[in-house]
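Scroll down for the structure; my scribbles are underneath it.
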Amino acid sequence: MREFPQTYEQEALWIADRFLGDPSPFLETWAQRILGPLDVPALERALAALVARHAVLRSGFTLGDDGPVQSVDPAGTVPLERLPWPGGELHPTLRRAGQRPLDLTLSPARFTLYDRAPDEHVLLLQIHHVAVDDASLVLLDRELSALYTEETGGAPAGLEPPALLLGEHAVRARAAGIAPADLAFWADLLAGAPALTRLPPNPRPLAARRGSACDTVRTTVPAESGDTVRAAARALRTTPHVLMSTCMAVTAAAVNSEDVVIGTPVSRRGEPDLDGVFGCLTDLLPVRYRVPSDADFAAVCAAAKRRSLDVLRHRNVPYARLGGGVGRTRGVLSGQHLGRICLVLDQSPSRLELPGLRCERVHVGGAAAKFDWLQYVVADGGGWDVRADYALDFFTADEAALFLRQWQTALAVAAADPGVPVRDLFDRLAATV
């Protein structure tokens, strides 16, 4: 066994997980519906090769003498569990399977292959967030495609080994420390930030604590609307993510004050030797939006762009550290700010490509509520697939669907006319049914 400290990101997740019940909100799923004559032994060999390549999949997470550690087992495996399809519809069945607890002292991952029908399988990777981020899933698609191709007699995979272990990166990051200028930036950014006390669409007060139960609501942004959004982002000299997040801030501000905090994902990969590393190197950080009713959307979006760039420049402060003395109030760490609404945009989703087979990614809802509202926007051709995991303590199914429609209304109106007054947007949201 080789023992390393956990990364800052892993440590925050691991500690939080120890205080939560099952199912853990940090359980992630990657599922593929595979149509055609799957070579199961070849898949097993490909998965074994994948696990051998990435140490985090062979690691246990425990408390060492000097704090949380990750222990890499050189001979560790993640077996492929093969099961008959248990029955039921695809999404809810996989969601239940994704809620099974994982013993992090042994492994952060579990592979399951379901025999759903003749020439139809479903491959499910259940993995804890301490061992994965979105960039890791891109690696998974690319490397498993290459390894399976090789195992079935195709071209050699030709994959270079990762440049370093995730644990080695943790040692390097902790030795570098956190820059005082970055800490000062976050102290200034969060000073006086109000907690989000209400959620759209119904402006009722929120309970003090959020339970773990959650569900998922889905919709799409069609290709023609996608073209309009991208054109508006270019006209505003910003990105679709900033534009969409600003629309989320507008939707939240309609039932709160003009001062709103929205969570946004940031990657800390940066260095070239991290490109091929599987593991959690992403954090969700708060971006503070000002949405005055007498401004126009373009001005609000421009300010959001500047603030987002500032956050990226100072992204090397872990979110958990923001509550450990930086924000000066427990509210930041306890989830009253970032723990309400978050938006994640995936502009370049990858695909699993297995020779002779058709693979379809199945996006499974969260095992438990990470946040009150966690929205994913995934590029699909010219448009986007949109899904949101929402806490049942704060939304009914009808309310969740209405919140998503309100966000789509703000997105459509602002993209068509970025100069629209915020006050008019509020009126349009109130009229959305």
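The values are calculated or read from the model by the stated rules, or taken from the named source; none is laboratory data. This is a predicted model, so every value here is computed, not measured. Every residue, glycine among them, receives a Cβ derived from its backbone with ideal geometry; neighbour counts consider all protein chains shown. Keep in mind that these areas ignore ligands, DNA and RNA; they rest on the heavy atoms of the full protein, side chains included. Shrake-Rupley method; radii C 1.70, N 1.55, O 1.52, S 1.80 Å.
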**OP:** Please work out the C-alpha center-to-center distance from segment 217-245 to segment 342-400 and express it in whole Å.
**Re:** 17
Original post:
Which semi-axis lengths, in whole Å and largest first, follow from the square roots of five times the eigenvalues of the Cα gyration tensor of segment 31-161?
Top reply: 26, 20, 12
Original post:
For segment 257-312, what is the charge dipole size about the Cα centre, in debye to the nearest 20, if Lys and Arg each add +1 at the Cβ and Asp and Glu each add -1 at the Cβ?
Top reply: 40
Original post:
Accessible area per residue of segment 174-311 at 1.4 Å probe, in Å²?
Top reply: 42
Subject >> Fraction of the pair-distance distribution of segment 173-319 above 18 Å, Cα-Cα pairs, percent >> reply: 67
Subject >> Hypothetical label at Thr432: residues of segment 344-359 whose amide nitrogen lies under 12 Å (7 Å Cα-Cβ projection) >> reply: none
Subject >> R0 of 22 Å, Cβ-Cβ distance Leu164-Ser350: FRET efficiency to nearest 0.05 >> reply: 0.45
**OP:** Based on a Kirkwood Rh over C-alpha pairs, give the Stokes-Einstein translational diffusion coefficient of the chain at 20 °C and viscosity 1.002 mPa s in µm²/s.
**Re:** 94
Subject >> Value in Å of the Kirkwood radius, where segment 1-88 supplies the Cα pairs that are averaged >> reply: 15.7
Original post:
Any idea what angle helix 297-313 forms with the longest principal axis of the chain, computed on alpha-carbon atoms, 0 to 90 degrees, nearest 10?
Top reply: 40
Original post:
Val40 versus Ala187, label points 7 Å from Cα toward the beta carbon: distance in nm?
Top reply: 6.0
Original post:
Is it possible to state the helix-based mean residue ellipticity at 222 nm for the chain, with each DSSP H run of 4+ residues giving -39500 (n - 2.57), the sum divided by total residues, to the nearest 500 deg cm²/dmol? What is it?
Top reply: -11000 deg cm²/dmol
Original post:
Rounded to a whole number, what % of the accessible area of the chain do carbon and sulfur atoms account for, probe 1.4 Å?
Top reply: 52
Original post:
With labels modelled as points extended 7 Å from the Cα through the Cβ direction, what inter-label distance (nm, one decimal) is found for Ile15 paired with Arg204?
Top reply: 3.5
**OP:** From zero up to wherever the largest Cα-Cα distance of segment 157-255 sits, split into 10 Å bins and tell me the percent of pairs in each.
**Re:** 10, 19, 24, 32, 13, 1
